[in-house]
1. How large is the dipole of the range 76-115 about the Cα centre if only Lys and Arg carry +1 and Asp and Glu carry -1, each at its Cβ, rounded to the nearest 20 debye?
2. Which value, in nm² and rounded to one decimal, describes the direction-averaged projected area of the C-alpha convex hull of the range 61-109?
3. For residue 73 and residue 127, what is the calculated FRET efficiency with R₀ set at 30 Å and r taken between the beta-carbons, to the nearest 0.05?
4. In square angstrom, what is the accessible area per residue of the range 8-119 with a 1.4 angstrom probe?
5. Of 115, 94, 83, which is farthest along the charge dipole of the range 80-153 in the positive direction, counting Lys and Arg as +1 and Asp and Glu as -1 at C-beta?
6. On full extension of the chain, what length is gained from residue 81 through residue 38, given 0.36 nm per residue of separation minus the C-alpha to C-alpha distance?
7. What part of the accessible area of the range 102-143, given as a whole %, is carbon or sulfur when the probe is 1.4 angstrom?
8. Kindly flag which residue pairs out of 24/142; 102/138; 90/133; 102/145 have an alpha-carbon separation exceeding 24 Å in this structure.
Amino acid sequence: MNQRSYNNENNQCELSYELLHLLKWLLEHESSTLKKIIARAVRSGLREQLSTNNPLNGMNSESIQNSIIDFLDLLDFLLHEAISDNSLRKALEQNLMPAVHKIDSNVCDRATVQGSLDKTTDHLEHFPNANAKELLYKELLKRWKPSKKKIQN
């Protein structure tokens, strides 16, 4: 996760702001969907696992912590994947992909291109008649931090 880490020494886990916002959003807006997921888990065998004498089936505290961390890692991964997919969809809708494909990946890293694309698509939602390609290149120039190692003659 971007801003999340786990420290075994003091058993603390830090969550990214994005993941915290996702969890809050799910609680506020998707509780019925979460209920359906839980009901499906119960129907698919969770109930049998819970009804045994040892509900944790021999799991130790480290194993339980790892399960929670794995779950949060998966949520974080899926969140960032969904954000990226949404940006890509918007870029396709606004015909920005030909401009994106012309960007040299040796000069601009993925995060710079992604941030520029996000800002451009957001701007185009408010100003649909603006020149998308020009906006994208302006955003790239704002975010681009060339290093002396990458300068080519």
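1. About 160 debye.
2. Values: hull surface 18.7 nm².
Result: 4.7 nm².
3. Values: r = 38 Å, r/R0 = 1.25.
With R0 = 30 Å, the Cβ-Cβ based efficiency is 0.20.
4. With all protein chains present, the range 8-119 gives 75 Å² per residue.
5. Selected residue: 115.
6. 13.2 nm
7. Roughly 52 percent, rounded to a whole number.
8. 24/142
The values are calculated or read from the model by the stated rules, or taken from the named source; none is laboratory data. Only a predicted model underlies this, so the values are computations on that prediction, with no experimental measurement involved. Ideal geometry is used to build each Cβ from the backbone, glycine not excepted, and the neighbour counts take in all protein chains shown. The area values use the complete protein model at the heavy-atom level, side chains included, leaving out ligands, DNA and RNA. Shrake-Rupley method; radii C 1.70, N 1.55, O 1.52, S 1.80 Å.
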